[in-house]
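Please read the structure below before turning to the comments.
The values are calculated or read from the model by the stated rules, or taken from the named source; none is laboratory data. Please read all numbers here as calculations on a predicted model, not as lab measurements. FYI the Cβ positions are ideal-geometry reconstructions off the backbone, even for glycines, and counts take in every protein chain you see. To get the accessible areas, we keep the full protein, side chains included, count just its heavy atoms, and leave off ligands, DNA and RNA. Shrake-Rupley method; radii C 1.70, N 1.55, O 1.52, S 1.80 Å.
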Amino acid sequence: WDNADFSRGIGTTFYQEFLTLNSEKPPFIRDVEEKVWRYLRSSYSAAWTLKITWEKAPAYGARSDSRRTSTYQAVLTTDGFRSYALLLYQDGAMRWDYTQLPAANVLIGYT
């Protein structure tokens, strides 16, 4: 998921689960369904969604610079048949200084 380092007490991680089968959908879930429609042109009605947020997360290995934190989210959602993963980044993408990281093969997203 990430390579963040919370050991210095900077940043936080939290999650929220949404069970939306047979219930009123909050604005966040309607937004997720809209994103699936907009990007995949597929009608979608979420039954379950998990939102994980890394807030002001410092990069692992970049111990000297706590100012360059990043906030990002992973959203996992399913209707019981199809599942999607949305990766959402703050404006300006990742703010970590990749030149300070131990590995040079930095990747945003998934493969």
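Take the residues of the range 1-21 that are at pLDDT below 85 and open to solvent by 90 Å² or more (accessible area, probe 1.4 Å): which is farthest from the chain's Cα centre (by Cα)?
Step one: of the range 1-21, the residues at pLDDT below 85 are 1-10, 21.
The next check asks that each one be open to solvent by 90 Å² or more (accessible area, probe 1.4 Å); those that pass are 1, 3, 21.
On the way: TRP1: 8, ASN3: 13, LEU21: 22 Å.
By that ranking, first place goes to LEU21.
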_Suppose we keep only residues that are under 15 Å from ASP79 (Cα atoms) and of a type in the set (A, V, I, L, M, F, W, C) within the range 24-39. Which one would you say is surrounded by the fewest Cβ atoms within 10 Å (Cβ to Cβ)?_
TRP37
*Enumerate the pairs (first residue in the range 33-47 and closer than 19 Å to PHE18 by Cβ and free of Cβ contacts under 8 Å to residues at least 60 places away in the same chain; second residue anywhere and among the acidic types (Asp, Glu) and open to solvent by less than 90 Å² (accessible area, probe 1.4 Å)) with beta-carbon separation below 8 Å, excluding pairs fewer than 6 apart on the same chain, so at least 6 apart or on different chains.*
TYR44/GLU33; TYR44/ASP79; SER45/GLU33; SER45/ASP79; ALA46/GLU33; ALA46/ASP79; ALA47/ASP79
*Considering only the range 1-23, state which residues are farther than 15 Å from THR77 by Cβ and β-branched (Val, Ile, Thr).*
ILE10, THR12, THR13
*Hey, could you check the range 46-81 for residues that are touching a helix residue (DSSP H, G or I) at 6+ places or on another chain (Cβ under 9 Å) and modelled with pLDDT of 90 or more and say which is surrounded by the fewest Cβ atoms within 10 Å (Cβ to Cβ)?*
LYS51
